Amino acid sequence: MRKLLLIIVLAGLLCTSDISEAHGNPASPGRVIPVAGKILRRFQMGESDWSPGHRGVDLAGIEGQQVVSPESGVVSWVGRINGVPMMSIQHPDGTRSTFQPVTTSLATGAVVFAGQPVAILVTGHCDGSDVCLHWGVRRGETYLDPLVWLGGDTPRVRLLSADATPRVTPPFGGTGIMPTGDLPVPGPITSGFGPRTNPISGRQEFHDGVDIGANCGTPVATLWAGIVRRATTVGGFGLRVEVDHGNGLSTSYSHLERIDVSGGQQLTAGSIVGAVGTTGYSTGCHLHYSMVRNDITVDPLGVH
């Protein structure tokens, strides 16, 4: 009976997959790339376990950048090898991700979820002035290509039908400043912080923020002054802006239709960072708003 059920499930997956192409299977909606940077060096397995190769991928980043967990799991190891700070996360599918060089405040046994900041990128891996993250994935003693495990190195920017009508963004003629309030965009909370069933995958997950319902094109404002740490496409989060407010507090704004800021830009309270959209793994126009305090993801509605 179990074998029959497995065959039915696999057949359903094969029938519904329409974006496999040359990049392998579509990325799991619960998986994100740890650092959304340029691929500096790809995975290359040697002819044997002891042969020369590159058993992971090197992703460009900046010193002090947050590294997020690509999948939910449990921190299985934190330490140093030959002086290099590293950490590993055991995932539910039996795989294990390892990151270096990184520092972390998390301890072995900590439970994490996909997209949660788990470490800080430091220098020491790439040659010259480049700063990069080395990310490896293993199942048992077998090394896997992290990008294949992730589902391909091309970001999936939208999960809508091919005949969907594109939305036209109304021009925003304001000054770039909005009155501050309790939320970065007005609208109802359509999905709260905490455990939930993912609306796309149907899997149980920990929702690392709140979803705010709003029309595509609605300006999104930051509630506090800060510095833009990242403004780019981040896997299933789509177009995403991350802002460091200082004192261990940072916020992020995901699934944006457009980004109106750039990395390193200084912002004042109420500055527009982008517009509500539905990029990434999204079922419609909304803002995914999340917050991290002292490396721990917290409920944005509990911080004012």
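The values are calculated or read from the model by the stated rules, or taken from the named source; none is laboratory data. Just so you know, these numbers come straight off a predicted model, no measurement behind them. Glycine gets a Cβ as well: all are built from the backbone with ideal geometry, and neighbour counts include every protein chain shown.
Taking the condition of being in a loop (DSSP other than H, G, I, E, B) and buried (at least 16 other Cβ atoms within 10 Å of the Cβ), how many residues in the range 224-264 meet it?
Result for the range 224-264: 6.
Based on this model, can you work out whether Tyr281 counts as closer than 18 Å to Val32 by Cβ, touching a helix residue (DSSP H, G or I) at 6+ places or on another chain (Cβ under 6 Å), of a type in the set (Ser, Thr, Tyr) and crowded, with 20+ Cβ neighbours inside 10 Å?
Here the answer is yes, as Tyr281 does meet what is asked.
Given (1) outside the structural domain of Trp77 (by TED's automatic domain parsing); (2) closer than 30 Å to Gly64 by Cα; (3) at pLDDT below 65, where does Leu183 come up short, assuming only one miss?
That leaves (3) as the condition not met.
From the list Ser252, Ser262, Ser271, which one is outside the structural domain of Glu71 (by TED's automatic domain parsing) and within 13 Å of the chain's Cα centre (by Cα)?
Ser252
A quick yes/no check of all residues on (1) buried (at least 19 other Cβ atoms within 10 Å of the Cβ); (2) of a type outside the set (Gly, Ala, Ser); (3) at pLDDT 90 or above; (4) outside any strand (DSSP E or B):
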{"site": "Trp77", "(1), (2), (3), (4)": "no, yes, yes, no"}
{"site": "Ile89", "(1), (2), (3), (4)": "yes, yes, yes, no"}
{"site": "Gly109", "(1), (2), (3), (4)": "no, no, yes, yes"}
{"site": "Val118", "(1), (2), (3), (4)": "yes, yes, yes, no"}
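So the check is Cβ under 7 Å with 6+ separation or different chains; which pairs have a first residue in the range 180-205 that's at positive phi and a second one that's modelled with pLDDT of 85 or more?
What qualifies is Gly187/Ile212; Gly187/Gly213; Gly187/Ala214.
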